[in-house]
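Read the figures in this text as sums done on the coordinates, not as results from a lab. Just so it is clear, the structure is predicted and the values come from calculations on it, not from any experiment. Virtual Cβ from ideal backbone geometry, glycine too; neighbours counted across all protein chains shown.
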């Protein structure tokens, strides 16, 4: 989804004040069930639908807890967005945000605000809104906003004025982009630039997205160095073995292999103490720890593998997962919001759905089949052994599928 053109909140050449008035009229009509004078962007419509189903109060949002200082410091210390990555983010955005009368915000994957910086005056206004370090800024807490909506949609998002679901946020404009771990696709958090609605600029979203990708590039270089160090360990170990084997880092990225076709990554089980298991790529294998990673040796076939039990966990809307349970192992896939919606629809309709039916279920628009097919293609690359290769789209019949909401 990140390769799609950025959908800015403010069309080029439009007067921001007039546009804000139109958005306000559209917002009030939409919440009252009347025909709006203009059509909101699809990302906003989808967000409003989620929040209306949830029953979020548009006047005050949800009750907001604030992290104790000790828990905030713990999350900062364990965040992959700290250290050198934090310096990269600040170098890319902080001065620009301050000069524009905005503030820069960094949240973790759960939407907790870890760091703020930028204009002192704007930070004071944010204090009055509760937009402070230690606050939670997810959609289900504060409604449609760039941070929370970007975490759900897994894409850069700009939200302006009355596009916010909670009325108290209408005087604000914000642009945010998610940051993911390049090793396993795990969501690390998001970066955001926020300020008064009158200061909205259409290029802000592109800037925030570019800095997020810069942070990911920095992480990629760090992970590549770690994998290079593991290769130095792997070479002498593999040289002593007779059977096919692989050495991978804890996230499954392969440092080196012997006697096996090349593969970039293995989906390792969740249980770090497992000693014998079945993996989709290798079949039956044994697992042994090595410094900085794990050694997997391919073994002969054992008893037939039992059908998998799949648990689609939607209890945290901004962090959906799919866990695959087998008798010998279990592993968890972190999902984007779009992929979670697709799998949820397939779980409800075990007989299968066509591309048009999925488009209608997800977007209320049967014509968006190209988007559906592209997302199914991405899912097959990660979960190919779980999805039936025939049409309509569906899970394999022998699988047990459970949805936790």
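Taking only the Cα atoms of the stretch 33-130, the ratio Rg/Rh comes out at 1.05, with Rh defined as the Kirkwood radius.
So for the chain, averaging the separation of alpha carbon pairs under 8 Å that are six or more residues apart and normalising by length, what relative contact order in percent results? It rounds to 11 percent for the chain.
Note on the stretch 309-404: the C-alpha convex hull projects to 5.8 nm² when averaged across all orientations. The distance between label points at residue 34 and residue 265 comes to 4.9 nm (points 7 Å beyond Cα on the Cα→Cβ vector).
For Cα extents along the principal axes in Å, the candidate list reads (i) 88, 56, 41; (ii) 63, 57, 44; (iii) 72, 48, 38; the entry that matches the value derived from this model is (iii).
Placing R0 at 56 angstrom, the Cβ-Cβ distance between residue 402 and residue 243 gives a FRET efficiency of 0.95 after rounding to 0.05.
The stretch 16-221 gives an Rg/Rh value of 0.96, both radii derived from C-alpha positions and Rh following Kirkwood. Subtracting the Cα-Cα distance of residue 381 and residue 186 from their residue separation scaled by 0.36 nm leaves 68.6 nm. FRET efficiency for the pair residue 275 and residue 366, taken as 1/(1 + (r/R0)^6) with r the Cβ-Cβ distance and R0 = 51 Å, rounds to 0.55. The mean sequence separation of alpha-carbon pairs under 8 Å and at least six residues apart, normalised by the residue count of the stretch 16-221, gives a relative contact order of 21 percent.
Kirkwood hydrodynamic radius computed over the stretch 241-298 comes to 11.2 Å, based on all pairs of distinct alpha carbons. For the residues 117, 55, 352, a GNM of the chain with alpha-carbon springs under 10 Å puts the largest fluctuation on 55. DSSP beta bridges fully contained in the chain are about 90 percent antiparallel. Computed over the chain, the per-residue total of -39500 (n - 2.57) for DSSP H runs of n ≥ 4 gives a 222 nm mean residue ellipticity of -12000 deg cm²/dmol, rounded to 500.
Ordering 214-220, 240-246 by mean Cβ neighbour count within 10 Å, with the highest value first, yields 214-220, 240-246.
In plain terms, the chain from residue 286 to residue 220 could stretch by 20.9 nm, reckoned as 0.36 nm per residue minus the Cα-Cα distance. What angle do you read, to the nearest 10 degrees and between 0 and 90, between the alpha-carbon axis of helix 120-129 and the longest principal axis of the chain? For helix 120-129, the angle is close to 80 degrees. For the stretch 136-189, the equivalent ellipsoid derived from the alpha-carbon gyration tensor has semi-axes of 23, 10, 7 Å in decreasing order. How many percent of the alpha carbon pairs in the stretch 27-66 exceed a separation of 13 Å? Here the tail beyond 13 Å accounts for 60 percent of pairs. Over the stretch 1-130, Cα pairs under 8 Å with separation of 6+ residues give a relative contact order of 11 percent.
For the Cα atoms of the chain, what angle does the longest principal axis make with the long axis of helix 83-99, in degrees from 0 to 90, nearest 10? Roughly 20 degrees between the two axes. Beta bridges assigned by DSSP with both partners in the stretch 309-404 are antiparallel in approximately 70 percent of cases. Would you mind checking the tilt of helix 69-78 against the longest principal axis of the Cα atoms of the chain, expressed as 0 to 90 degrees and rounded to 10? Orientation of helix 69-78: about 50 degrees from the principal axis. With the highest mean first, a sort of the peptides 374-382, 159-167 on other beta-carbon atoms found within 10 angstrom per residue produces 159-167, 374-382.
Separation of the stretch 75-149 and the stretch 332-369, taken as the distance between their Cα centroids, equals 32 angstrom.
Which of 64, 90, 231 ends up with the largest GNM mean-square fluctuation for the chain, with Cα atoms connected below 10 Å? In this elastic network of the chain, the residue with the biggest mean-square fluctuation among 64, 90, 231 is 64.
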